[in-house]
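K.L.:
What follows is a single structure, and I will ask about it in a moment.
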Amino acid sequence: MATVHIPTVLRVHAGGHASFTLEGKTVGELLDHLEQLHPGLKALLLRPNLAVCVDDEVSPLGALEPVQAASEVHFIAAITGG
């Protein structure tokens, strides 16, 4: 099962949990399971200002990114520049 790490500022919406171990084949499936546990958290994690990282790689696919059983999923502040 993959591990989804919750950003510190959003842990209040996740019952104070720092991470969850969930089953799924994509980030979206993991978040669907997380949404059942903590309604509203999925929308907070999929905001445009957060980038999805799977196994230390920023994902251009976001919720569609495939995950493996041992994957680590993080949400980090997206950096835009200019």
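K.L.:
Taking only region 21-45 into account, find how many residues are open to solvent by less than 80 Å² (accessible area, probe 1.4 Å) and either modelled with pLDDT under 95 or charged (D, E, K, R) (or both).
P.N.:
4
K.L.:
Can you tell me which residues in region 8-31 are closer than 22 Å to Pro66 by Cβ and in contact with a Leu (Cβ under 9 Å, 6 or more places away or on another chain)?
P.N.:
Once the filter is applied, which keeps residues that are closer than 22 Å to Pro66 by Cβ and in contact with a Leu (Cβ under 9 Å, 6 or more places away or on another chain), region 8-31 yields Phe20, Leu22, Glu23, Gly24, Thr26, Val27, Gly28, Glu29, Leu30, Leu31.
K.L.:
Which ones in region 67-79 are exposed (fewer than 15 other Cβ atoms within 10 Å of the Cβ) and either part of a loop (DSSP other than H, G, I, E, B) or touching a helix residue (DSSP H, G or I) at 6+ places or on another chain (Cβ under 8 Å) (or both)?
P.N.:
Gln68, Ala69, Ala70, Ala78, Ile79 - these are the residues of region 67-79 that are exposed (fewer than 15 other Cβ atoms within 10 Å of the Cβ) and either part of a loop (DSSP other than H, G, I, E, B) or touching a helix residue (DSSP H, G or I) at 6+ places or on another chain (Cβ under 8 Å) (or both).
K.L.:
Let me ask you something else. Among the residues that make up region 33-43, is at least one of them assigned to a loop (DSSP other than H, G, I, E, B) and of a type in the set (A, V, I, L, M, F, W, C)?
P.N.:
No, region 33-43 contains no residue that is assigned to a loop (DSSP other than H, G, I, E, B) and of a type in the set (A, V, I, L, M, F, W, C).
K.L.:
Here's another thing I want to ask about it. Would you please list the contacts, defined by Cβ atoms under 8 Å and residues six or more apart or on different chains, that run from a residue in region 48-65 that is outside any loop (DSSP other than H, G, I, E, B) and surrounded by 12 or more Cβ atoms within 10 Å (Cβ to Cβ) to a residue that is at pLDDT 95 or above and of a type in the set (D, E, K, R)?
P.N.:
Listed pairs, sorted by first residue: Val52/Glu65; Val54/Glu65; Val54/Glu72.
K.L.:
Which ones in region 11-32 are assigned to a helix (DSSP H, G or I) and either basic (Lys, Arg) or within 18 Å of Ser59 (Cβ to Cβ) (or both)?
P.N.:
Passing the criteria: Arg11, Val27, Gly28, Glu29, Leu30, Leu31, Asp32.
K.L.:
While we're looking at this one, here's another question. Check Thr21, Thr26 and return the single one that is of a type in the set (Val, Ile, Thr) and free of Cβ contacts under 8 Å to residues at least 24 places away in the same chain.
P.N.:
That would be Thr21, the only listed residue that is of a type in the set (Val, Ile, Thr) and free of Cβ contacts under 8 Å to residues at least 24 places away in the same chain.
The values are calculated or read from the model by the stated rules, or taken from the named source; none is laboratory data. Quantities reported herein were computed from a predicted structural model and do not represent experimental measurements. Neighbour counts run over all protein chains shown; Cβ positions are idealised from the backbone, glycine included. The accessibility values were calculated without ligands, DNA or RNA, using every heavy atom of the protein model including side chains. Shrake-Rupley method; radii C 1.70, N 1.55, O 1.52, S 1.80 Å.
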